[in-house]
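To keep things clear, I will list the structure first and then write my remarks on it.
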Amino acid sequence: MASCILVVEDEPAQSEMISYNLKKEGFQVVTASDGQSALDMARDESPDLVLLDWMLPEIAGIEVCRQLRANKKFRHVPIIMVSARGEEDDRVRGIDTGADDYLVKPYSPRELIARINALLRRSSTTGVDDKLICGDLEMDLARHKFFRDGISVHLGPTEFKLLRTFMERPGHVFSRERLLDLVWGQGVYVEDRTVDVHIRRLRKAVNEGDKPDVIRTVRAVGYALDLEHS
């Protein structure tokens, strides 16, 4: 069955063009032109991916994203935030709110399709019972929860994505540039120091009390999950 894409765009011409290109690639498409309609359509249609414009009537796209992520039914549905707002703060805010990718207007149909396919491939490999376990670290992907030594630890959306990336390849050293691509999305301009900020937040959340630091810094290279201490 073809994947269903919810296109949330308030400009009719833009919505029509996006829908045309998606249908040409074999996707099913449903549309909404404002934030409230987007939430209603998501509830009624259960899309496989949401393409969400930031600037919307009724409810802004950033708030739609927040509400979708707060609903366990949509917690793992990929969301691509689309906006003409290309500043670093806007991109970071979109990702931190729960978007899986951030695409700045104008963009090419080919790039959009490539990003959609990449997210759908990743989404399809995550079953409802999937868990990642590394030593005393356990990540429940279905419930979007993380535990250390059996104790639930709250992580922000970006920190959760970072730790998931590390746990999917324990021991592998990721450069800052690679983490930017995997967590924030390819083509999104975010300064390297942003990675360091979120690594510090991740360490603070995960390494409480006397717990050893599970994130290893490799000087001049990047970061890795330290299996010896996890």
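The values are calculated or read from the model by the stated rules, or taken from the named source; none is laboratory data. Just so it is clear, the structure is predicted and the values come from calculations on it, not from any experiment. Backbone-built Cβ (ideal geometry, glycine too); neighbour counts: all protein chains shown.
Residues in the range 10-17: is at least one in contact with a Ser or Thr (Cβ under 8 Å, 6 or more places away or on another chain), hydrophobic (A, V, I, L, M, F, W, C) and farther than 14 Å from I116 by Cβ?
No: the range 10-17 contains no residue that is in contact with a Ser or Thr (Cβ under 8 Å, 6 or more places away or on another chain), hydrophobic (A, V, I, L, M, F, W, C) and farther than 14 Å from I116 by Cβ.
Of these, R148, R143, R69, which one is assigned by TED's automatic domain parsing to the domain that holds A205 and buried (at least 16 other Cβ atoms within 10 Å of the Cβ)?
Criteria check complete, one pass: R148.
Conditions tested, residue by residue: (1) aromatic (F, W, Y); (2) closer than 21 Å to R75 by Cβ; (3) touching a His at 6+ places or on another chain (Cβ under 7 Å); (4) touching a residue at least 40 places away in the same chain (Cβ under 8 Å).
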residue: D136; (1), (2), (3), (4): no, no, no, yes
residue: G150; (1), (2), (3), (4): no, no, no, no
residue: L155; (1), (2), (3), (4): no, yes, no, yes
residue: F166; (1), (2), (3), (4): yes, yes, no, yes
residue: G171; (1), (2), (3), (4): no, no, no, yes
residue: F174; (1), (2), (3), (4): yes, no, no, yes
residue: R178; (1), (2), (3), (4): no, no, no, yes
residue: W184; (1), (2), (3), (4): yes, yes, no, yes
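Limited to the range 147-163, what total is found for residues that are within 21 Å of T97 (Cα to Cα) and part of a loop (DSSP other than H, G, I, E, B)?
Number of matching residues: 3.
Given the criterion in contact with a helix residue (DSSP H, G or I) (Cβ under 7 Å, 6 or more places away or on another chain), farther than 23 Å from R66 by Cα and surrounded by 16 or more Cβ atoms within 10 Å (Cβ to Cβ), identify the matching residue among L180, L202, L162, L132.
On the way: L180 fails: farther than 23 Å from R66 by Cα; L202 fails: farther than 23 Å from R66 by Cα; L162 fails: farther than 23 Å from R66 by Cα.
The conditions single out L132.
Could you identify the single residue in V190, V197 that is modelled with pLDDT under 85 and either under 15 Å from T158 (Cβ atoms) or part of a helix (DSSP H, G or I) (or both)? Please lay out each step first, then the result.
Working: V197 fails: modelled with pLDDT under 85.
Of the residues listed, the single one that is modelled with pLDDT under 85 and either under 15 Å from T158 (Cβ atoms) or part of a helix (DSSP H, G or I) (or both) is V190.
Which members of the range 67-107 meet the condition of being more than 21 Å from D34 (Cβ to Cβ) and charged (D, E, K, R)?
K72, R75, E87, E88, D89, R91, D96, D100, D101 - these are the residues of the range 67-107 that are more than 21 Å from D34 (Cβ to Cβ) and charged (D, E, K, R).
Any idea which residue in the range 72-113 is farthest from H144 (Cα to Cα), counting only those that are aliphatic (A, V, I, L, M) and surrounded by fewer than 17 Cβ atoms within 10 Å (Cβ to Cβ)? Lay out the reasoning, then the answer.
Of the range 72-113, the ones aliphatic (A, V, I, L, M) are 77, 79-82, 84, 92, 95, 99, 103-104, 112-113.
Checking which are surrounded by fewer than 17 Cβ atoms within 10 Å (Cβ to Cβ) leaves us with 84, 113.
Details: A84: 30, I113: 26 Å.
Per the criteria, the residue is A84.
Which residues, taken from the range 71-88, are over 10 Å from the mean Cα position of the chain (by Cα) and at pLDDT 85 or above?
V82, S83, A84
Anything in the range 8-32 that is surrounded by 14 or more Cβ atoms within 10 Å (Cβ to Cβ) and either more than 24 Å from R91 (Cβ to Cβ) or not assigned by TED's automatic domain parsing to the domain that holds N117 (or both)? List them, or say none.
The answer is S19, E25, F27, Q28, V29, V30, T31.
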